[in-house]
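The values are calculated or read from the model by the stated rules, or taken from the named source; none is laboratory data. Just so you know, these numbers come straight off a predicted model, no measurement behind them. Neighbour counts run over all protein chains shown; Cβ positions are idealised from the backbone, glycine included.
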Amino acid sequence: MAGKEINGGMKSALEFGPILGFFLAYLWLKDRVFDIGGTEYAGFVVVTAGFIPVFLLSIALLWKLTGHISKMQIVTAVLIVVFGGLSVWFNDPTFFKMKPTIIYLLFGGTLGLGLMRGQSYLQSLMEGLMPLTDEGWMILTRRLMIFFLGLAVLNEAIWRTQSEETWVYFKTFGLTAAIFVFFITQGKVFKDHGLDEDDDTAPRA
């Protein structure tokens, strides 16, 4: 099913709204403890429990409005349900803090597997968005694989050595900013290996 265009503001709200909502709810409830069914839950766990359905609702709305969900969004949703659910079930925030590590290991490992087979899985996923030569896709894939693996290591270092609040700031703003900066710094790849709209094979002059 072909994707449908929607308002950019609406798309951004659905993609980033749940994350920002998680952050704001955490700041509001971080120091509170809730007695639910005779069990005490820290604010972080309660916010995590609320984040799961909100995220799934945003993904469902995005699918309904655009007619498309990326594989990365599907994997992310599954891991949020699994690791967020484990954090709530065991009343332990550790599982949710490990989620970014698992996500980036999966993404980086998948790209690495494709490279071992001489393929760019990134190309098959994003070719319509960023027209590049095959060589350009391989270069970008190698760099993104290393970047994802680096983020996995960094997330582990942050949540294991820093405070919970520091990790929440890092998760909300640090990871998003890092991905943005990564693609901004790949300008030379896009310039040297980009394709003209009317030419699917030759790089730009």
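Give segment 120-139 a look and list any residue that's among the hydroxyl-bearing types (Ser, Thr, Tyr) and either more than 19 Å from the chain's Cα centre (by Cα) or crowded, with 16+ Cβ neighbours inside 10 Å (or both), or say none.
Kept after step one, since they are among the hydroxyl-bearing types (Ser, Thr, Tyr), are these residues of segment 120-139: 120-121, 124, 133.
Selection gives 120, 121, 133.
Quick check on segment 1-48: of everything there that is among the acidic types (Asp, Glu) and out of contact with any strand residue (DSSP E or B) (no Cβ under 7 Å at 6 or more places or on another chain), which residue is nearest to residue 172 (Cα to Cα)? Spell out how you get there, then give the answer.
Just the residues of segment 1-48 that are among the acidic types (Asp, Glu), to begin with: 5, 15, 31, 35, 40.
Filter once more, so that each one left must be out of contact with any strand residue (DSSP E or B) (no Cβ under 7 Å at 6 or more places or on another chain): 5, 15, 31, 35.
Numbers: 5: 26, 15: 13, 31: 18, 35: 27 Å.
Filtering first and then ranking leaves 15.
Residues that are modelled with pLDDT under 90: find the helices (runs of 4 or more DSSP H) completely inside segment 136-205 holding 1 or more of those.
Values: elements: 164-169, 175-184, 187-193.
Passing ranges, in order: 175-184, 187-193.
Looking only at residues that are among the aliphatic types (A, V, I, L, M) and buried (at least 18 other Cβ atoms within 10 Å of the Cβ) in segment 140-153, which one is farthest from residue 74 (Cα to Cα)? Quick ask: steps written out before the conclusion?
Going through segment 140-153, the residues among the aliphatic types (A, V, I, L, M) turn out to be 140, 144-146, 149, 151-153.
Within this subset, residues satisfying the condition of being buried (at least 18 other Cβ atoms within 10 Å of the Cβ) are 140, 144-145, 151-152.
Working: 140: 22, 144: 19, 145: 19, 151: 20, 152: 19 Å.
This residue is 140.
From the set of residues in segment 20-48 that are surrounded by fewer than 18 Cβ atoms within 10 Å (Cβ to Cβ) and within 30 Å of residue 68 (Cα to Cα), which is nearest to the chain's Cα centre (by Cα)?
Result: 20.
Among the residues of segment 12-34, is any in contact with a Phe, Trp or Tyr (Cβ under 6 Å, 6 or more places away or on another chain), farther than 18 Å from residue 85 by Cβ and free of Cβ contacts under 8 Å to residues at least 60 places away in the same chain?
At the first step, the residues of segment 12-34 found to be in contact with a Phe, Trp or Tyr (Cβ under 6 Å, 6 or more places away or on another chain) are 18, 22, 34.
Next, from what is left, pick out any that are farther than 18 Å from residue 85 by Cβ: none.
Checking segment 12-34: not a single residue is in contact with a Phe, Trp or Tyr (Cβ under 6 Å, 6 or more places away or on another chain), farther than 18 Å from residue 85 by Cβ and free of Cβ contacts under 8 Å to residues at least 60 places away in the same chain.
Could you identify the single residue in 106, 140, 144, 175 that is closer than 28 Å to residue 188 by Cα and touching a Phe, Trp or Tyr at 6+ places or on another chain (Cβ under 8 Å)? Can you show your working first?
Details: 106 fails: touching a Phe, Trp or Tyr at 6+ places or on another chain (Cβ under 8 Å); 140 fails: touching a Phe, Trp or Tyr at 6+ places or on another chain (Cβ under 8 Å); 175 fails: touching a Phe, Trp or Tyr at 6+ places or on another chain (Cβ under 8 Å).
Answer to the check: 144.
For (1) crowded, with 17+ Cβ neighbours inside 10 Å; (2) without any contact (Cβ under 8 Å) to a residue 40 or more places away in the chain; (3) farther than 22 Å from residue 170 by Cβ; (4) assigned by TED's automatic domain parsing to the domain that holds residue 157, each residue gets a yes or a no:
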| site | (1), (2), (3), (4) |
| --- | --- |
| 82 | no, yes, no, no |
| 87 | yes, no, no, no |
| 105 | yes, no, no, yes |
| 108 | yes, no, no, yes |
| 118 | no, yes, yes, yes |
